[in-house]
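Read the structure below first, then the notes.
The values are calculated or read from the model by the stated rules, or taken from the named source; none is laboratory data. All values reported here derive from a predicted model rather than from experimental measurement. Methodologically, a virtual Cβ is constructed for each residue, glycine included, from the backbone with ideal geometry; neighbour enumeration extends over all protein chains shown. Ligands, DNA and RNA are stripped out before the accessible areas are found, and what is left, the full protein with its side chains, is counted by its heavy atoms. Shrake-Rupley method; radii C 1.70, N 1.55, O 1.52, S 1.80 Å.
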Amino acid sequence: MGWGANPAGVQWQTDPAHDADFTASLGRGRIALPTVNVPHTAHLPYEIPDVDLVVNVQTSQTAAGGWIVGYVRVRDTGARFVAARVEYHEDGQMGVLLYESVDGDATSVAAALIGTYTPNSPTVLRMQVRGVDARVKTWALGAREPEHWQVGGRLQQVLTPGRVGLGAARFNGNTNTNLEVSWGALHIANPQQFTVIRGTNNVHKAHSAGTGLRLAHPSVIAL
């Protein structure tokens with residue numbers, strides 16, 4: 001099934017073994033998690049070093065027996081990535097963790113408890129990674145974005161470009177059934193995406209989705 005394409009026509013990439021667990025409806029990308037401790041991730045294929053993204057995430061149930069997590073990955077090459085995850089605890093508390101992972105070995109950058117959660121109520125997550133600096137903030141959907149960043153720190157290992165991904169997992173001991181974690185309203189400040197029609201002297205040329213383009217006469221902002 002998968003998530004199809006984003007508004008720019010670029011296809012989401014998923015592990016074929018888990019593709020049936022990815023569905024899209026009502027403007028949300030949905031992830032079913034039938035198996036404990038098996039992360040499911042969907043990627044966009046852009047190879048970018050720095051990113052500023054906003055997305056919202058929700059879980060369909062309160063965690064039972066073990067945590068549920070929804071995570072964002074950037075600079076993801078498969079073997080290494082930087083991630084921010086929203087952690088849904090069994091007691092109704094919610095946390096956020098910023099970390100680096102290299103060859104399956106995760107190193108925490110910063111973590112915090114951020115309040116309580118209600119199933120099917122989205123939490124907005126903003127993640128910003130620039131050079132060696134990374135930071136994350138969260139807030140309830142519909143509320144004003146807070147000025148302060150809840151967690152942040154300096155990266156030590158994952159500094160090269162990679163893909164952007166959204167995913168979810170449930171940890172050992174979790175007993176939820178028919179669980180779903182879903183994502184909505186993803187906005188990435190870079191790379192910028194446009195739908196364009198190229199035409200010169202009434203001659204039109206098609207481009208495949210995701211083709212890099214440049215303006216012949218870019219706008220100049222006055223100082």
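Structural remarks
- Residue within the stretch 140-147 that is among the charged types (D, E, K, R), farther than 18 Å from Val96 by Cα, at pLDDT 95 or above and open to solvent by 50 Å² or more (accessible area, probe 1.4 Å) present: yes
- Inside the stretch 1-25, residues that are open to solvent by 40 Å² or more (accessible area, probe 1.4 Å) and assigned to a loop (DSSP other than H, G, I, E, B) make up a count of 4.
- The residues in the stretch 26-35 that are surrounded by fewer than 16 Cβ atoms within 10 Å (Cβ to Cβ) and either within 22 Å of Asn176 (Cα to Cα) or β-branched (Val, Ile, Thr) (or both) can be counted, and the count is 2.
- The residues listed here are Asp19, Asp15, Asp50; of these, the one that is under 29 Å from Asp105 (Cβ atoms), in contact (Cβ under 8 Å) with a residue 40 or more places away in the chain and not hydroxyl-bearing (Ser, Thr, Tyr) is Asp50.
- Only listed residue being out of contact with any strand residue (DSSP E or B) (no Cβ under 7 Å at 6 or more places or on another chain) and of a type in the set (A, V, I, L, M, F, W, C), chosen from Ala84, Ala168, Ala143: Ala143
- Residue tally, condition aromatic (Phe, Trp, Tyr) and more than 18 Å from Val136 (Cβ to Cβ), over the stretch 40-75: 1
- Test result for Ala79, hydrophobic (A, V, I, L, M, F, W, C), in contact (Cβ under 8 Å) with a residue 60 or more places away in the chain and open to solvent by 20 Å² or more (accessible area, probe 1.4 Å): no
- Residues that are surrounded by fewer than 15 Cβ atoms within 10 Å (Cβ to Cβ) and part of a strand (DSSP E or B) do occur in the stretch 177-192, at least one of them.
- Members of the stretch 82-100 that are open to solvent by less than 10 Å² (accessible area, probe 1.4 Å) and within 13 Å of Gln156 (Cα to Cα): Val82, Leu98, Glu100
- Selected residue (criterion: nearest to Thr62 (Cα to Cα)) from residues of the stretch 111-139 that are in a strand (DSSP E or B) and open to solvent by 60 Å² or more (accessible area, probe 1.4 Å): Thr116
- Residues in the stretch 1-36 that are aliphatic (A, V, I, L, M) and within 18 Å of His187 (Cα to Cα): Ala5, Ala8, Val10, Ala24, Leu26.
- Test result for Ser108, closer than 23 Å to Thr14 by Cα, open to solvent by 10 Å² or more (accessible area, probe 1.4 Å) and at pLDDT 95 or above: no
- With respect to being within 15 Å of the chain's Cα centre (by Cα), among the aliphatic types (A, V, I, L, M) and at pLDDT below 95, Ile48 fits the description.
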